[in-house]
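Below you'll find the structure, written out as structure tokens, and then a few comments.
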Amino acid sequence: MTAWAKLAPGWAWWALALVLVAGAQQYRVMNANGELSDARAEWSEAARQAEARARSEEQRRQTAIEGIRRDAQDKIAAVAADAAAADDAAIRLRARVAVLSRRPASCPGVAGGGEAADPARDLLAVMLSRIDEASGGVAEFADRSRAAGLTCQVSYEALKGD
């Protein structure tokens, strides 16, 4: 044994062992703190990247929906313009039918013609006028429904991200 070992009492060995163990523990704690700090940095970066991807996807979807909304408004405006043009044509047609139904029947055997004697022709003119009015409303409803359905379909596909 060395001279110091002979001189040091038993508690000194324990104190030395305690200092060595404490130093080792301190080293392990510092190493664990460093690893924890690295892990936190990795988690933070992963969270930041995930948030950036989520924001990018949200922006893509919002842009797609905005484009679809504008397109739908354009289609609805076109449908309304077509319906107005069809209504104008129908009004002109009804006016022409009304004029023709009030005109006297022309008969080659009668010198100047006479009053219209056919009530069925008048009934037909009224019926055609009413059917035309109803069909315009149905056509407009069908066009608007189709535009709304297509808009819904395109919106869904845009949100799905295909």
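The values are calculated or read from the model by the stated rules, or taken from the named source; none is laboratory data. Model, not experiment: these values are computed from the prediction. Methodologically, a virtual Cβ is constructed for each residue, glycine included, from the backbone with ideal geometry; neighbour enumeration extends over all protein chains shown. Just the protein is used for accessible areas: all its heavy atoms, side chains included, with ligands, DNA and RNA removed. Shrake-Rupley method; radii C 1.70, N 1.55, O 1.52, S 1.80 Å.
For the stretch 18-48, name all the residues that are aromatic (Phe, Trp, Tyr) and modelled with pLDDT under 85.
If we filter the stretch 18-48 for residues that are aromatic (Phe, Trp, Tyr), which is where we start, we get 27, 43.
Tyr27, the sole residue that qualifies.
Scanning the stretch 75-109 for residues that are open to solvent by 70 Å² or more (accessible area, probe 1.4 Å) and not in a helix (DSSP H, G or I), which turns out modelled with the highest pLDDT?
Of everything passing the filter in the stretch 75-109, Arg103 is modelled with the highest pLDDT.
Quick one: is Arg61 open to solvent by 100 Å² or more (accessible area, probe 1.4 Å) and of a type in the set (D, E, K, R)?
Details: open to solvent by 100 Å² or more (accessible area, probe 1.4 Å): no; of a type in the set (D, E, K, R): yes.
No: the conditions fail for Arg61.
Considering only the stretch 46-53, I want to know if a residue exists there that is aliphatic (A, V, I, L, M), surrounded by 10 or more Cβ atoms within 10 Å (Cβ to Cβ) and over 28 Å from Ser155 (Cβ atoms). Lay out the reasoning, then the answer.
From the stretch 46-53, those aliphatic (A, V, I, L, M) are 46-47, 50, 52; that's our starting set.
Narrowing the set further to residues that are surrounded by 10 or more Cβ atoms within 10 Å (Cβ to Cβ) leaves 46-47, 50, 52.
Those still in the list that are over 28 Å from Ser155 (Cβ atoms) too: 46-47.
Yes, that holds for at least one residue.
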